[in-house]
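The values are calculated or read from the model by the stated rules, or taken from the named source; none is laboratory data. All figures in this text were calculated on a predicted structure; none of them were measured in a lab. Quick reminder, even Gly has a Cβ in these numbers, built from the backbone with ideal geometry, and neighbours come from all protein chains shown. Surface accessibility is based on the protein's heavy atoms, side chains included, excluding ligands, DNA and RNA. Shrake-Rupley method; radii C 1.70, N 1.55, O 1.52, S 1.80 Å.
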Amino acid sequence: MKMSSTQGPHSLAFRVMRLCRPSLHVEIPVRFDPSDLLFGEDLFDDPVAASHLPRLLADTVSATAADGSTTSADPSDLSYRNRFLLQHPSDSLGLPGLLLLPQSFGAIYLGETFCSYISINNSSNFEVRDVTIKAEIQTERQRILLLDTSKSPVESIRAGGRYDFIVEHDVKELGAHTLVCTALYNDNDGERKYLPQYFKFMVANPLSVRTKVRVVKVGWFKLIE
């Protein structure tokens, strides 16, 4: 059994996403009339067709009042003057009810628990076997092991499949951190390959303490801000 170098194509690849609370997806509401979905704007160029449109929409077009009651809208009004009126108080919030997942690691502060969702994907057209996975956090002072499957390797990852896991680490140091993910696996031709990937992030201090010394006539005072 031979071991390949880290250079060259790999069947596997790591994908890392930080686990944290999703945020509310806020968008500016774009209001439209139901007729916009059913008819083209060139319909109004034909006076005969436009004259029949109010009758066709009379039974379907309605407006919701602020108190929740439903009132019939004027089907003859085909203008855009009512498109931006708030039909319900919640319309002003611009919240469609969707949650937005984090798109990056974001800000990580000292004392937090760093929690990450890691997925190793098999993007090849064949199965890989005997996959040994390691995940470590490397700082300027130490290297902390988060996951090690050496004693019980993943038996196989099918073509197009993946293996997912979650790691956690209590952040106790400031500065640069590196999440090191490695995989050792057997390729389709029986070659043993080694895949390392590195994901860097910074840990900031959540508090900032500054001191100033000022001279006054009555004595010395030390101010802490």
Item to check | Sequence-distant residues sharing a close amide H with LEU147 (under 5 Å, placed H) | outcome: ALA135
Next on the checklist: Give me the one-decimal nm value for the distance between modelled label points at ARG192 and LEU100, 7 Å along each residue's Cα-to-Cβ direction.
Outcome noted: 4.7 nm
Item to check | Accessible-area composition of the stretch 102-218, carbon plus sulfur, in percent [1.4 Å probe] | outcome: 47 percent
